[in-house]
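The values are calculated or read from the model by the stated rules, or taken from the named source; none is laboratory data. Quantities reported herein were computed from a predicted structural model and do not represent experimental measurements. As a convention, Cβ positions derive from the backbone with ideal geometry for all residues, glycine included, and neighbour counts pool all protein chains shown. Only protein heavy atoms, including side chains, enter the accessible area calculation; ligands, DNA and RNA are left aside. Shrake-Rupley method; radii C 1.70, N 1.55, O 1.52, S 1.80 Å.
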Amino acid sequence: MDALSYFAMSWLDPSLLILTALGTFLGIYVGAIPGLSVTMAVSILISFTFSWDVNDALCLMVGIYMGGVYGGSRTAILLNIPGAPSAIATALDGYPLAQRGEAGEAIGLSTIMSVIGGFIGIIVLAVAAPNVSEFALSFQPRDYMMLAVLGIMLVGSLAGDSLAKGIFAGAMGMLIGTVGLDPLTAEERFTFGVTELWNGINPVAVMIGMFGISEALNQLHHLDKMAVKQKIDRIIPHWSNIKKYFGLSVQSSTLGVVIGALPGTGGDIAALMAYDHAKRITKNPEVPFGKGAKEGLVAPESANNAAVGGAYIPMLTLGIPGDAVTAVFIGALFIHGLNPGPLLLTEKPEMFWFTVGNLTLANIFVLIFGLTGIRLFAKIVECPKGILIPLIFLLSIVGAYSINNSVADIWWMLGFGVLGYFMKMYGYQLGPVILGVILSRLMDENWRRAIISEREDLGSFFLNLASSPLSAFLLTSIVLIFLSQTPVWARWIRPLWAGKEDKAQA
Amino acid sequence: MSEVVPKQPGETLFGFLMLALSLFLFWQSYEIAGFSALSSPGAFPMAVSAIMVISSCVAIVHDFKRPADSFEWQHFFERILPPVVGVMIGIIFVFAVMLETVGFLLTAFAFLVVTIKMLHKGTMAYTTLISALGLVVIYLVFRVIFVVVLPEGLIPESDIMSAIKEMIG
Amino acid sequence: MKKRLLSTIAALAFAAAPAFAAEYPSKDIQGIIQWGAGGSTDAVMRAVSPHAEKVLGTDIVLTNKTGGVGAIAMKYVNAKKGDGYTLLMGAENPQMYKVLDLANIDYNDMIPVSILARGTPIFVARNDAPYNNMQEMIDYAKANPGKVKVGSTGPGGLTSIVMAMVDSQVKLDVTSIPYDGDGPALTALQGGAIDVMPSVLGASIEHVKAGRMKVIGLMDETPHPLLPGIDPITKTLPGLEKLLPWGPFFGVFVKADTPADVVTKLSTAFNESAQQPDFKALMDSRGFTLMGISGKEAQDFLTAYRSVSSWIVYDAGFAKKSPEEFGIKRPE
């Protein structure tokens, strides 16, 4: 019964209730504005809420976190600028939907799916936290590496018409990710002696440039075309639609919780992998992926919000952050005199159910705030292009600047914006570039850790790839996905399943 | 599903540029640590840039098989880089150069007025009003609510802010 | 309740502290944190600043400026005017910049406002490792060359210096596996990807208390109150006595040409803040030793730290330049 009373604490105390609401509301905007990140907002709040009671401070921060992860989808759908890396996959099909006049429905659907994902994350946190965190700890460097390989195979789905150009773009992204002082040896890589490059090129700057700037430049071609009229009569999606995508949403959310719980990966990777999963299991989408498939919206949005609950799992049980935001939360708990660590739940058992209850509450506020005001937002897209485009440029510039308070990020954004513009013109897709940037460090670092652990012996490295059940499972998945995406499958294995329609050739 | 798309003006040239870039980056990756060890900081960049070299070669070969109109600069400036795009890139460039010295408020305002006037072609009063409105919203959100310290430049913002604060507090 | 809400809005909108129009802090002060949000430097600085704000009667706007092992933040502060409105809030790393060839300035070229606290390095190992103290670990590593996997945070990081100190006394063949920070490395230790890890006490103490890893060594000359029964390393390796005590620290710094009265004001504010009970409690629980020193005392501390660290990495062979080039004296 104690559990229930802690769970309900933030629901019954009006001040906690309002702080959670306020946090969620602010969070949606933090998430939606490119360049402002939840990590940044939460650390600013640490100083502001220093003298507060710890529960008050936590409510505000939890709200920001939950709202922020959801908010990234807003600008991704409306303007093709993902508000945060975890909304990149959302832009792939969300923006085409808005271009077809279905922004309202897209936002409505993504809200519902985010909330479902959020709840699944919370449920897993509530019932299985200790097991999941021990499972997450058992990932070895080689497993992380294979996870990155699984992720990078998405290039196959994102490449568009030319696979070669897609692979090129993905490899380029991975190379962009390696720029700067090598995090393991502090060796300079592609820095050309410039100190400003030591910290590497911020993925968010690349993202704003490649998505926002290049799209806005592209829009300049069609200035005379009228803005798309948005259908806003239907905001809350049909019940039948929710039912139809519910299965996919649950699968994506499960993926999201696990990826979120792993200490080395977060919502961005979860969303991309869920997108890939959706693309693979959806046999006949109503609309092709990349042109506005609803499945391509459902999967990433469920996964990235489920990753929130996932990220809390190792944090609450072991004091190990599941992602960058929970790392800041740990700092906040310290400052408030708690000792976040494996003993937290022994010393302060109420913390667990309080957090679970609070996350649930914040998730409900996401639903409320998410579904109100959509009409107004959808109108943004109808604003005359001659006014909208300059504002997008200014927002991108300020956003890039605020990542690290430096003009250098504006240069990167502009550079990648122009490069991305030409790449798009010439048939190179930009999705793989961002994918590469995000996965680069995961791949590079863990490959090196894995091979150093084997003292540079490739033989024992490969032997170990199959040594644990987990590694063997990941390896098998990689092989199967690889085979299913290459001609080997279509030519020799596929015919064995007679009677299936051959549509995958395209 | 995909029919053969005719080549865009400049596509082959761009392909070769990308190949050149890849080769340059491969050489740079080699410079990091050579072929010293599988775990060296240069190993991963070398592998990735090698993939870039190979895939850009494949892309070029594929592109040769596609039909193309004869290349003319006129087409390039119509379909790929119309003047308005070039001018826009130039204006953002100038914006970034001036930001630190002149300060955020002045440059951003000038940027909005010039670009909205250029693209939307409304009256001057309307343009100024819209620009001011947009700027105020962005300034409030970034500087005031989320305390991002934007470059001050010529306007002594922090002095004004603390003066306002003193008046209120 | 209403008040709390109002204060939130006020805080978010204008930041609440009233401004007294005194001569020095007549506007907001910018605090540049060398490390990212969520790190220990970030946490310490965000905990101490609200107190200092009260003493100074102005806001301190904290900004994280990461990169280049902290060198970018340091260069940024030094490019600003030396008027006391831009503070550098950092950890120990800059004292190695010169020998590692990362930058040509370090804390000795700035004025220390306050050195807030210092940490103690310890050795932790995974629970099922077949050794329980330093001597056993050294014996095991000698008997099984290359088998002990040690977590590392890159050359110049705490782990590399501690390992170099041990190496200066006894040569061990271990495999060192690099991580980008002690957090991820300690996680890997619990997952069994590494066996041993030199770490700062505060980062691992909670895991140790919960029995998820064990302490096998203490890099100090005297036992630590939080670690009863753990012998200081000087018992095993007496040769280390001349290098200890040594440990990472946190401090606030300003540019060298800042007027003396401004520095005094800032020093008073930060040293007073470091003595606040809740800050003290925070430091104690994380196993940091509170310092709160400035002036000559702080400069001597910085010089000693630089001399030990620079020479130890130089002798271990991963310094890019000799400490002699910069007139850094070898520790006696």
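What do you get for the angle between helix C:134-143 and the principal long axis of chain C? Use alpha-carbon atoms, 0 to 90 degrees, nearest ten.
50
Taking the Cα centre of chain A as the origin, how large is its charge dipole in debye, to the nearest 20, when only Lys and Arg (+1) and Asp and Glu (-1) carry charge on their Cβ atoms?
1600
Give the range of the longest stretch in chain A that excludes all trypsin sites (Lys or Arg not before Pro) found in loop regions by DSSP and having at most 14 other beta-carbon atoms within 10 Å.
Counting only loop sites that pass the neighbour cut-off, the longest clear stretch is A:1-224.
Counting other Cβ atoms within 10 Å of each Cβ, which trypsin sites (Lys or Arg not before Pro) in the range B:40-141 have at most 16 and sit in a DSSP loop?
B:121
As a check on your grasp of the helix formula, calculate [θ] at 222 nm for the protein assembly as shown: sum -39500 (n - 2.57) over DSSP H runs of n ≥ 4, divide by the residue count, round to the nearest 500.
When only DSSP H runs of four or more count, the value is -19000 deg cm²/dmol.
Report the charge-dipole magnitude of the range C:121-243 in Debye, nearest 20, computed about the Cα centre from +1 at each Lys and Arg Cβ and -1 at each Asp and Glu Cβ.
180
Write out the chymotrypsin sites (Phe, Trp or Tyr not before Pro) in the range A:159-221 meeting two conditions: DSSP loop, and at most 13 other Cβ atoms within 10 Å of their Cβ.
A:192
May I ask you to give the solvent-accessible area per residue for the protein assembly as shown, in square angstrom, as obtained with a 1.4 angstrom probe?
Averaged over the residues of the protein assembly as shown, the accessible area is 38 Å².
Which values of log₁₀ I(q)/I(0), to two decimal places, follow from the Debye formula for chain C at q = 0.10 Å⁻¹ with a uniform point scatterer at every Cα?
Values, matching the q order: -0.61.
Pairs of alpha-carbon atoms within less than 8 angstrom and 6+ residues apart define the contacts here; what relative contact order does chain C have, in percent?
Over chain C, the number comes to 24 percent.
Could you estimate the translational diffusion coefficient of the range A:160-207 from the Stokes-Einstein equation, with Rh from the Kirkwood formula over C-alpha pairs, at 10 °C and 1.306 mPa s, in whole µm²/s?
Reported coefficient: 135 µm²/s.
Based on the Kirkwood radius over alpha-carbon pairs, what is the Stokes-Einstein translational diffusion coefficient of chain B at 37 °C with 0.692 mPa s viscosity, in µm²/s?
Stokes-Einstein gives a translational diffusion coefficient of 155 µm²/s.
Taking only Cα atoms and a 10 Å spring cutoff, compute GNM fluctuations for chain C and point out the largest among C:309, C:294, C:322.
So, out of C:309, C:294, C:322, the one fluctuating most is C:322.
As I understand it, the dipole of chain C uses +1 on the Cβ of Lys and Arg and -1 on the Cβ of Asp and Glu, about the Cα centre. Which of C:234, C:96, C:203 lies farthest toward its positive end?
Of the listed residues, the answer is C:203.
What's the angle, to the nearest 10 degrees (0 to 90), between helix B:124-139's Cα axis and the longest principal axis of chain B?
Value to nearest ten degrees: 80.
Can you give the mean number of other chain Cβ atoms that lie within 10 Å of the Cβ atoms in peptide A:326-339?
Per-residue shielding by partner chains comes out at 5.
Quote the relative contact order of chain B in percent (integer), defining contacts as alpha-carbon pairs under 8 Å separated by 6+ residues.
Across chain B, relative contact order equals 21 percent.
Amide H to amide H under 5 Å from residue C:33: which residues, 5+ apart in sequence or cross-chain, H placed 1.01 Å off N in plane?
Long-range HN contacts for residue C:33: C:63, C:64, C:65, C:89.
For B:161-168, what's the mean count of beta carbons from other chains sitting within 10 Å of each residue's beta carbon?
5
Identify all lysines with a Cα-Cα distance to residue C:280 below 24 Å; exclude those on the same chain that are fewer than 8 residues away in sequence.
Reachable lysines: A:348, C:54, C:209, C:265, C:296.
Per 10 Å bin, what is the whole-percent P(r) computed from every C-alpha pair distance within the range B:83-168?
16, 42, 32, 9, 2
With the alpha-carbon atoms as the only input, what is the per residue convex hull volume for the range B:11-79 in Å³?
87
Work out from phi, with θ = phi - 60° and the Karplus expression 6.51 cos²θ - 1.76 cosθ + 1.60, the ³J(HN,Hα) of each residue of the range C:106-119, listed in order in whole Hz, and give x for Gly and Pro.
Karplus-based 3J(HN,Hα) across the range C:106-119 equals 9, 4, 5, 9, 10, 10, x, 6, 6, 9, 7, 7, 9, x Hz.
Along the Cα-to-C-beta direction of residue C:55, a point sits 7 Å from the Cα; which residues of the range C:278-315 have their amide N less than 14 Å from that point?
Counting backbone N atoms under 14 Å from the label point, the list is C:278-280, C:291-295.
Pick from C:158, C:172, C:116: which residue has the top mean-square fluctuation in a GNM of chain C where Cα pairs under 10 Å get a spring?
Looking only at C:158, C:172, C:116, the largest GNM fluctuation is found for C:172.
Helix C:182-191 against the longest principal axis of chain C: what's the angle in degrees, Cα atoms only, rounded to the nearest 10?
40
What accessible area, summed over both chains, is buried at the A-C interface (1.4 Å probe, Å², nearest 100)?
4400
Could you let me know the centre-to-centre spacing of the range B:118-169 and the range C:223-301, using Cα atoms, in angstrom?
42
Using the Kyte-Doolittle scale, which helices in chain A average at least -0.5 and also have C-alpha atoms spread 18 Å or more along the helix axis, with helices defined as whole DSSP H runs?
Taking the DSSP H segments of chain A (at least 18 Å long, mean hydropathy at least -0.5), we get A:14-32, A:54-79, A:103-137, A:163-178, A:239-261, A:267-281, A:295-318, A:350-371, A:385-404, A:408-425, A:431-453, A:469-485.
Less than 14 Å apart at the alpha-carbon level, and either on another chain or at least 8 residues along: which aspartates and glutamates does that give for residue C:214?
C:128, C:136, C:195, C:206, C:231
State, to one decimal in nm², a quarter of the convex hull surface area for the C-alpha atoms of chain A, i.e. the direction-averaged projected area.
The Cα convex hull of chain A, projected and averaged over all directions, gives 25.0 nm².
Report the Stokes-Einstein translational diffusion coefficient (µm² s⁻¹, integer) for the protein assembly as shown, Rh taken as the Kirkwood radius over Cα pairs, at 25 °C with viscosity 0.890 mPa s.
D = 83 µm²/s.
Using only the alpha-carbon atoms of the range C:121-243 as identical scatterers, what base-10 log of I(q)/I(0) does the Debye formula give at q = 0.10, 0.12, 0.18, 0.22 Å⁻¹?
-0.26, -0.37, -0.91, -1.46
Run the dipole for chain C about the Cα centre, Lys and Arg Cβ at +1, Asp and Glu Cβ at -1, nothing else charged, and hand back the magnitude in debye, nearest 20.
The calculation lands at about 680 debye.
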